[in-house]
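Undergrad: If you scroll down you'll find the structure; I have some questions about it.
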Amino acid sequence: MTQLLEVAPEIPIPVLTAGIGAPADSSHLASLEAESIHILREAVADFARPVMLYSIGKDSSVLLRLAQKAFHPGKIPFPLLHVDTSYKFPEMVAFRDNYTREIGAELIVHGNRQALQDGASPFKLGTQKCCGLLKTRALLDALESGGFDAAFGGARRDEEKSRAKERIYSFRDSAGQWDPRNQRPELWNHYNGRLAKGEHIRIFPLSNWTELDIWLYIYKENIPIVPLYFAKEREVVVRGGSMLLTQGPIPLLPKEVPQRRVVRMRSLGCVPCTGAIESTADTLPKIIQEMFTFQRSERENRAIDHDEEGSMELKKREGYF
Amino acid sequence: MAVSQQNVEAAPFEHLLRQHLGHDLLRFTTAGSVDDGKSTLIGRLLYDSKAVYEDQMQAVRSGRLNRSTGPLDFSLLTDGLRAEREQGITIDVAYRYFSTARRKFIIADTPGHEQYTRNMATGASTADAAVVLVDARKGLLPQSRRHAYIASLLGIPHIVAAINKMDLVDYSEQIFHGLQNDLQTLAKQIRPEAALSIQCIPISALEGDNVVTHSQRMPWYSGPTLVEYLEQVPVTRLKDSAAFRFPVQYVIRPGDEFRGFAGQIASGSVRPGDAVMVLPSRQTTRVQSIVTFDGELPVAAEGASITLTLEDEIDLSRGDVLVDPERPPQVSRRFAANVVWMHEVPLELHKQWLLKHTTRQVRAEAHRIRSRVDVITMQHSSATALGLNDIGVVEFESTSPLFFDLYAENRIAGSFILIDPLTNATVGAGMITRNLAQKKAVATSQLPSALTAEEMTSLPRLVTAAERFQKQGHAPAAIWLGTQASLAQRLERILFDSGHNALWVEDKDRDLLSTRDCVRTLYVAGIVALYTAAHHAEHEPSHLPAIIHATLQSAHVLDARHVLDAAPSQPDASDDDAWLQSPAVRSILNWIEGLRISSPERYS
Ligand SMILES: Nc1nc2c(ncn2[C@@H]2O[C@H](COP(=O)(O)OP(=O)(O)O)[C@@H](O)[C@H]2O)c(=O)[nH]1
Ligand SMILES: [Mg+2]
């Protein structure tokens, strides 16, 4: 505030309001939350038919909560889309159905029925091909058949090297492909959502969140998550260095003997391709505490990322999320 | 080492949790020429703060492309895209995350190649600080000048030069000091009025010296390490008392009873009951409530994403803005802006672009390119078009008005992007510097320097500046006294007693533009304005004298801070005479004596 201490009467004194004195919440989680909500609202204003990709994992849970916050007291003004590979953990599917019903969100479940009928599985096709059919193809089909021009995803830039370069509004050509060399510059908080026919945009409101931020936020906001994230004694088999849960569609190989161990999932994907970790963290504070001791990244337990150096980038170019 | 993951076992978990929940967020950008060691530095920051996991390190160790023979090639941690790893260069903006015990950081890692000015500007647009890498062996390259210039153009308040590869110059103090001088010179060139401050830190990104921990090999350096510096830099926020700006993003209307306006506060703060004005309609009403998922709030400030309900039914939609009715933004269709051009299709005159400013989209065309800036020599030259990576000063006219603040005051309400309506590409970024349809409410009389001799004499009925000055016996002046309020008050007394019309003005809350307007008004009225700024812990208001200098464009502007710095000690209030005799004060008083008018001709 500017103050004139002694002023001749004929000089107009600017009338200024006083500072409010109350500091805003300047914590990083508050800034991240506000940024994500801004992005969600921009996108809903920018696009005719947005959809949120809902993977049931912890990032999706946070994204869903942010969407509730962004449009409160209104309902979330877009449907959720779950691309179901049929290889998801049964606990994930149960959680998905209960939770989306509870909060009154519209849920679309889409699978590549043709490929499933033909018996597509990671055992037969390998993880790359299987993902290509059951995730990437299914996703592109679902987006097209739903007429969606924008899709929210819960990807974070800290997850993987090629994601670090992803824009918040990530432009995809009419074949759903990402061209990392030809991305629209994003300055300040101004996003360019202009599209030609057939093109669409993937939107990543959690771009600037880290894995730790996600857990801190889940803890602070008390957000429900799939129980598989919490440690419990579960039946597992050890295969190729990782521990796979035996629930759901996972045939045992000859000589494999299931064992009971106290484990939890650090990230959730398909049963055959997502390994559990040995852990006794059965509460959120314990999970967060455990985060500080991790030596290895969360995607390490995902078979899909390690097929080839740069494999995530290749998949993304083809349209994978 | 100030990194959180250290001493995990020792720290009680509750404490750790509270600490992390309380972290604030600093965004910074890094720039450097190719091979100055930017990727290495970032890899080092991530590694030392344990933001890198063992399996990622393993991939680096075993990667086909580990180019380095000695220590680990940290750059492989960050150069994410295949093409980059193969060519060993960085081709796009990448964002990285790490945290220390103090705060969380987001790095916008931008490439140093000449053709990527646009990426650098992109990274800089949201940054609170910029780290410019300089190779100690090569010294300041043209690129380093470009980086510092762009950082300053995009309004980054804190620039730090990391003098890298000190291990290759024997950790030489002499080389470091030489570069420090070069950078001071550069800072003056970039912003001649009030030199930009550039902090210099000698480091070795490869070996880790002065990155996180103090280097044993450079005992002559006593400043902060890079991480210490970044932990202390204040996060850029305008004051809560800044003018309220709330661009409406979305109208929430779940039923007939509720109508809320959703948006993110661009500046200022709001409470229920506050008066607000709607632009463009100029209707006024009051805020009824601040609605969030977590309940109603008593107050919300800059950066908060909220929903407002209003007391009156007012027609409002996306693109409108709610503002403080006492301090409205500029409303204009004509404005000048610094533009960074980002596309192969050039900026040409009289071509229509889509202009996106806050939540508002209009059509706009460039009417005149005032100049193009050579970012290396910082010279302005004339131009009729701007090409990819050019920077220029451009005058625009839009089809409907924008409600803006100048970029220097408000990064969100003062910036825009330009979109090519044919290709939908984002082609340019603009920072508004001037309202070209400006009508000032303050000080209607013209500045003396703007009057020609003829105007002074040929319009006898108007009050001329010369008459005004002659009547009071001295010319006006604006004297900057830094944060020395007590000195200003005492000077005011002395000047008053010696027959000067002098007045002390204090900027209490970094409201630079209001202060500028006050000082300008006093100046036009012929008064000797002594202006100071209240002391703020975070930083010196070094912009203020520059802004005032630019407004008054007069020789009667004195920056007396340095004179005061030179004073031997704080004057003793009980001993006025001794103080009056101090060389610092005498030099100010002498200068003011020189303003006395013996005959009016001097000013006509
Ligand atoms: N000796 C030494 N070499 C360094 C240092 N920092 C980086 N380098 C090397 O300089 C080369 C270029 O580094 P890089 O990080 O890729 O540079 P960028 O192009 O700015 O990202 C690499 O071979 C690094 O190992 C340093 O502090 N000392
Ligand atoms: Mg590099």
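The values are calculated or read from the model by the stated rules, or taken from the named source; none is laboratory data. Here the structure is a predicted model, which means the values were calculated and not measured. As a convention, Cβ positions derive from the backbone with ideal geometry for all residues, glycine included, and neighbour counts pool all protein chains shown. The accessibility values were calculated without ligands, DNA or RNA, using every heavy atom of the protein model including side chains. Shrake-Rupley method; radii C 1.70, N 1.55, O 1.52, S 1.80 Å.
Undergrad: Across peptide A:43-50, what mean number of C-beta atoms from other chains lies inside 10 Å of a residue's C-beta?
TA: Mean number of neighbouring Cβ atoms from other chains: 2.
Undergrad: Further question on the same structure: Heavy-atom accessible area per residue, the range B:153-258, 1.4 Å probe: how many Å²? Intermediate values should be presented prior to the final figure.
TA: Details: 4430 Å² over 106 residues.
On a per-residue basis, 42 Å².
Undergrad: Would you mind getting me the FRET efficiency between residue B:311 and residue A:262? Use the beta-carbon distance for r and R0 = 51 Å, nearest 0.05.
TA: On the way: r = 58 Å, r/R0 = 1.13.
Once rounded, the FRET efficiency stands at 0.30.
Undergrad: Could I ask something else about it? Could you give the length gained on full extension between residue B:258 and residue B:381, defined as 0.36 nm per residue of separation minus the Cα-Cα distance, in nm?
TA: Separation in residues times 0.36 nm, less the Cα-Cα distance, equals 38.8 nm.
Undergrad: Kindly state, to the nearest 0.05, the FRET efficiency for residue B:422 paired with residue A:221, given R0 = 56 Å and r defined as their beta-carbon distance. Provide the component values of the computation, followed by the final result.
TA: Values: r = 44 Å, r/R0 = 0.78.
Taking R0 as 56 Å, the efficiency between residue B:422 and residue A:221 is 0.80.
Undergrad: In addition: Roughly speaking, what is the stretch gain from residue B:345 to residue B:597, that is 0.36 nm per residue apart minus the C-alpha to C-alpha distance, in nm to one decimal?
TA: Residue separation times 0.36 nm, minus the Cα-Cα distance, leaves 85.0 nm.
Undergrad: Right, next: Can you sort B:132, A:257 by solvent-accessible area, 1.4 Å probe, largest first?
TA: Of B:132, A:257, the descending order of accessible area is A:257, B:132.
Undergrad: Using per-residue counts of other Cβ atoms within 10 Å, averaged over each peptide, order A:145-151, A:167-173, B:243-249 from highest down.
TA: So the order, starting with the most tightly packed, is B:243-249, A:167-173, A:145-151.
Undergrad: If one takes the accessible area of chain B alone plus chain A alone and subtracts that of the pair, with a 1.4 Å probe, what total in Å², rounded to the nearest 100, results? Don't jump to the answer; show the numbers that get you there.
TA: Values: alone 28440 and 16600 Å², together 36780 Å².
Buried area between the two chains comes out at roughly 8200 Å².
Undergrad: Starting with the highest mean, order B:316-324, B:117-125, B:522-530 by the number of other Cβ atoms within 10 Å, averaged over the residues of each peptide.
TA: B:117-125, B:522-530, B:316-324
Undergrad: So for the pair residue B:275, residue A:196, with labels modelled 7 Å out along Cα→Cβ, what separation do we get in nm?
TA: 5.2 nm
Undergrad: Give, as ranges by residue number, the residues of the range A:75-102 whose backbone N falls under 19 Å from the point 7 Å along Cα→Cβ of residue A:48.
TA: Answer for this model: A:77-79.
Undergrad: Given N residues in the range A:107-264, what is Rg(Cα) / (2.2 N^0.38 Å)?
TA: 1.29
Undergrad: Among the listed pairs B:104/B:239; A:75/A:197; A:58/B:239, which are separated by more than 31 Å between their Cα atoms?
TA: Those over the limit are A:58/B:239.
Undergrad: Per residue of B:97-107, what is the mean number of Cβ atoms on other protein chains within 10 angstrom of that residue's Cβ?
TA: That average works out to 3.
Undergrad: Another one. For the range B:395-434, which whole percent of the accessible surface, found with a 1.4 angstrom probe, sits on carbon and sulfur atoms? Spell out each step's value before the answer.
TA: On the way: 620 of 1060 Å².
On the range B:395-434, the fraction of accessible area on carbon and sulfur atoms equals 58 percent.
Undergrad: Let me ask you something else. Where Lys and Arg each count +1 and Asp and Glu each count -1, what net charge lies around residue A:262 among other residues with Cβ under 10 Å from its Cβ?
TA: So the environment of residue A:262 carries a net charge of +2.
Undergrad: Obtain the nm distance between the two label points defined at residue B:14 and residue B:497 by a simple spin-label model: each point lies 7 Å from its Cα along the Cα-to-C-beta direction.
TA: According to this spin-label approximation, the distance is 6.2 nm.
Undergrad: Still on this structure, I have one more. What are the ³J(HN,Hα) values, in whole Hz, obtained from phi via the Karplus relation 6.51 cos²θ - 1.76 cosθ + 1.60 with θ = phi - 60°, for each residue of the range B:22-35 in sequence order, with x given for Gly and Pro?
TA: Karplus-based 3J(HN,Hα) across the range B:22-35 equals x, 3, 9, 10, 10, 9, 9, 10, 10, 9, x, 6, 4, 6 Hz.
Undergrad: To continue, here is another question. Please provide three numbers in whole Å: the alpha-carbon extents of the range B:92-206 along the principal axes, with the largest listed first.
TA: 36, 35, 30
Undergrad: Go through A:58, B:508 and list them by solvent-accessible area, largest first, probe radius 1.4 Å. Walk me through the intermediate numbers first.
TA: Values: A:58 5, B:508 75 Å².
From most accessible down to least: B:508, A:58.
Undergrad: Taking the simple approach of a point 7 Å from Cα along Cα-to-Cβ for both residue B:433 and residue A:247, what is their distance in nm?
TA: Computed distance between label sites residue B:433 and residue A:247 equals 6.3 nm.
Undergrad: Something else about it: Using mean Cβ contacts within 10 Å as the protection proxy, how do A:208-220, B:289-301, B:146-158 order, highest first?
TA: Peptide ranking by packing, descending: B:146-158, A:208-220, B:289-301.
Undergrad: Quick check for you: with a 1.4 Å probe and neighbouring chains kept, what is the accessible area per residue of the range A:115-248, in Å²?
TA: 35 Å²
Undergrad: Contour minus end-to-end for residue B:371 and residue B:586, with contour as 0.36 nm per residue of separation and end-to-end as the Cα-Cα distance? Show your work: numbers first, answer last.
TA: Values: separation 215, 0.36 × 215 = 77.40 nm, distance 4.27 nm.
Once the chain is fully extended between residue B:371 and residue B:586, it gains 73.1 nm.
Undergrad: Take every residue in peptide B:14-23, count the Cβ atoms of other chains within 10 Å of its Cβ, and give the average of those counts. Write out the running numbers ahead of the final one.
TA: Numbers: counts 1, 0, 4, 7, 0, 0, 11, 8, 5, 7.
Taking the mean over all residues of the peptide, I get 4.
Undergrad: A further question on this structure: FRET efficiency for residue B:288 and residue B:534, Cβ-Cβ distance as r, R0 = 30 Å, nearest 0.05?
TA: On the way: r = 34 Å, r/R0 = 1.13.
In this case the efficiency is close to 0.30.
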